[in-house]
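To start, the structure itself, in structure tokens.
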Amino acid sequence: MKVAIFNIAKILSGDIASPVQAGDTIVIDGGKIVAVGSGSAPDCDVAIDAGGMMAMPRLIDSHVHITFGDYTPRQKTVGFLESYVHGGVTTCISASEVHVPGRPRDPAGVKALAIAARKSFEHYRPGGMRVHAGSIILEPGLTDSDFAELASQDVWLAKAGFGAFATPYDYAPYVAMAKRHGMITMVHTGGSSIPGSMGIWADHVLKMQPDVPYHVNGGPIAMPDADFPRLVNESDLAMQICTAGNLRTALLVAKLLKAAGQEERLLIATDTPTGTGVMPLGMLYTMSHLAALGGVAPEIAVAMATGNNARIYRLNSGVLAAGRDGDIVLVDACLGGSQNDALSALNNGDIMGVGAVITDGVPRFVGRSRNTPETIRKARVAQCRIPQNFSGEA
Ligand SMILES: [Zn+2]
């Protein structure tokens, strides 16, 4: 299916090196972006008139507590993943399947859980959501050959923080083993969030050298203030901040990274569903907090929620450019507020309204999001010719 989106006011590229790109039209073919530029929409199956809204890549929430299906046992809620799509989030990265009731703690069990989760979400896309599931929970006793087996089953995420280790320093060789097998490694930071787990502070993280220290602003409880400059200045690790964390230290991280000229290290995520709840608009709130209170330019806040996550997690999305995944979100200021476009809305501390979501080149909805207020401008389907061989879910 070939889809063209035209009449776009501004293209927020998601690429932090060049966050606003010239152009008013994006063309997607076979699920991939084939052109970003200016001019009239070419002949296509579906043409969407953006109505003067802005376009940005799909939001990538790099910290989501999935289990199986579109269900969170922690909040006993069904349909949360499909609901997140209406907040512009169309990719979730598992923060490990630690919320599975009675989850296993032995090496065979955590391996089986990661592989089962990974395979369960390979073809299951609620509402168009892409879930990168299967994050091995690091537990004592896992061996190098266990990681080899996991990697051979396409498990590429590993999580430290909830294992039965005596001290957080004991994770270091396991993080190193996971990395040797090509996995992206994540480490819980801050106070303990699960009864019995210990606080993990900057010194632990610096010894472990994970790819991503999770919710450095606290998940939900923050490490001491003195530890933040250490992580910024003594490492080049990505730093994830989460909506379900400490707002003051989230802003502190943003300011420290800006001062260091390293905003590309900041990743926005939600750390939901958790005790904080189910937050379909969590990504938009954190983008808005950073822009309105944290000194982050709003188009940079977009990149922190899209291209920055994609780069660290090696995803072919998060940036609007030819060859990238055909996942696009149309955004605008919300109706009835004081602002007139999506970027000034973020600067004002408002969330953006979502006016259309396209994932894998398939429009999931065009018009009003179920979860954000109505947009000022309206997108509409200007032409629709579903190809006869189309077999996707539209
Ligand atoms: Zn978490």
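The values are calculated or read from the model by the stated rules, or taken from the named source; none is laboratory data. None of the values given here were measured: they were computed from a predicted structure. We place every Cβ from the backbone using ideal geometry, glycine too, and count neighbours over all the protein chains shown. Note: accessible area is taken over every heavy atom of the protein model, side chains too, but ligands, DNA and RNA are not part of it. Shrake-Rupley method; radii C 1.70, N 1.55, O 1.52, S 1.80 Å.
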(message) For segment 161-186: of the residues being within 14 Å of the ligand (Cβ to nearest atom) and modelled with pLDDT under 95, which is surrounded by the fewest Cβ atoms within 10 Å (Cβ to Cβ)?
(response) PHE162
(request) Identify the residue in segment 72-124 that is open to solvent by less than 40 Å² (accessible area, probe 1.4 Å) and of a type in the set (D, E, K, R) and, among all such residues, is farthest from ALA333 (Cα to Cα). (result) LYS111
(message) Of the conditions (1) within 16 Å of the ligand (Cβ to nearest atom); (2) open to solvent by less than 10 Å² (accessible area, probe 1.4 Å); (3) of a type in the set (Gly, Ala, Ser), SER192 satisfies every one except a single condition; which number is it?
(response) (2)
(request) Looking only at segment 189-196, decide whether some residue is closer than 17 Å to ASP271 by Cα and touching a Phe, Trp or Tyr at 6+ places or on another chain (Cβ under 7 Å). (result) yes
(message) Regarding segment 277-298, can at least one residue be identified that is surrounded by fewer than 22 Cβ atoms within 10 Å (Cβ to Cβ), at pLDDT 95 or above and under 26 Å from MET198 (Cβ atoms)?
(response) yes
(message) For a quick check of your reading of the model, give me the residue pairs whose first member lies in segment 273-290 and is farther than 16 Å from SER83 by Cβ and of a type in the set (Asp, Glu), whose second is at pLDDT below 95 and within 16 Å of the ligand (Cβ to nearest atom), with beta-carbon atoms closer than 9 Å and at least 6 apart or on different chains.
(response) none
(message) Which residue is nearest to the chain's Cα centre (by Cα), if the candidates are limited to segment 7-24 and must be crowded, with 21+ Cβ neighbours inside 10 Å and assigned to a strand (DSSP E or B)?
(response) LEU12
(request) Starting from segment 28-53, take each residue that is free of Cβ contacts under 8 Å to residues at least 24 places away in the same chain and list its partners that are among the charged types (D, E, K, R) and not in a strand (DSSP E or B), counting only C-beta distances under 6 angstrom and pairs at least six apart or across chains. (result) SER38/ASP24
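With the condition kept exactly as written, say whether any residue in segment 132-143 is open to solvent by 10 Å² or more (accessible area, probe 1.4 Å), free of Cβ contacts under 8 Å to residues at least 60 places away in the same chain and closer than 28 Å to GLY318 by Cα.
No; the residues of segment 132-143 include none that is open to solvent by 10 Å² or more (accessible area, probe 1.4 Å), free of Cβ contacts under 8 Å to residues at least 60 places away in the same chain and closer than 28 Å to GLY318 by Cα.
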(message) Test of understanding: among ARG324, ARG265, which residue is within 18 Å of ALA55 (Cβ to Cβ), more than 16 Å from the ligand (Cβ to nearest atom), modelled with pLDDT of 95 or more and not hydrophobic (A, V, I, L, M, F, W, C)?
(response) ARG324
(request) Could you tell me whether any residue of segment 198-209 is part of a loop (DSSP other than H, G, I, E, B), modelled with pLDDT of 95 or more, open to solvent by 10 Å² or more (accessible area, probe 1.4 Å) and within 16 Å of the ligand (Cβ to nearest atom)? (result) no
(message) Quick test of your reading of the structure: SER96 fulfils all but one of (1) at pLDDT 95 or above; (2) away from the ligand (no atom under 16 Å from the Cβ); (3) not β-branched (Val, Ile, Thr). Name the failing condition by number.
(response) (2)
(request) Considering each residue of segment 210-237, count those that are more than 18 Å from the chain's Cα centre (by Cα) and more than 16 Å from the ligand (Cβ to nearest atom), and give that number. (result) 13
(request) Please find, within segment 238-262, the residue that is nearest to the ligand (Cβ to nearest atom) out of those that are open to solvent by 10 Å² or more (accessible area, probe 1.4 Å), touching a helix residue (DSSP H, G or I) at 6+ places or on another chain (Cβ under 6 Å) and free of Cβ contacts under 8 Å to residues at least 40 places away in the same chain. (result) LEU252
(request) Please indicate, with yes or no, whether at least one residue in segment 33-54 is more than 14 Å from ALA356 (Cβ to Cβ), open to solvent by less than 20 Å² (accessible area, probe 1.4 Å) and at pLDDT 95 or above. (result) yes
(request) Could you figure out which of (1) buried (at least 23 other Cβ atoms within 10 Å of the Cβ); (2) free of Cβ contacts under 8 Å to residues at least 60 places away in the same chain; (3) not acidic (Asp, Glu) isn't true of LEU157? (result) (2)
(request) Count, please, the residues in segment 339-374 that happen to be out of contact with any Cys (no Cβ under 6 Å at 6 or more places or on another chain), part of a loop (DSSP other than H, G, I, E, B) and touching a residue at least 12 places away in the same chain (Cβ under 8 Å). (result) 16
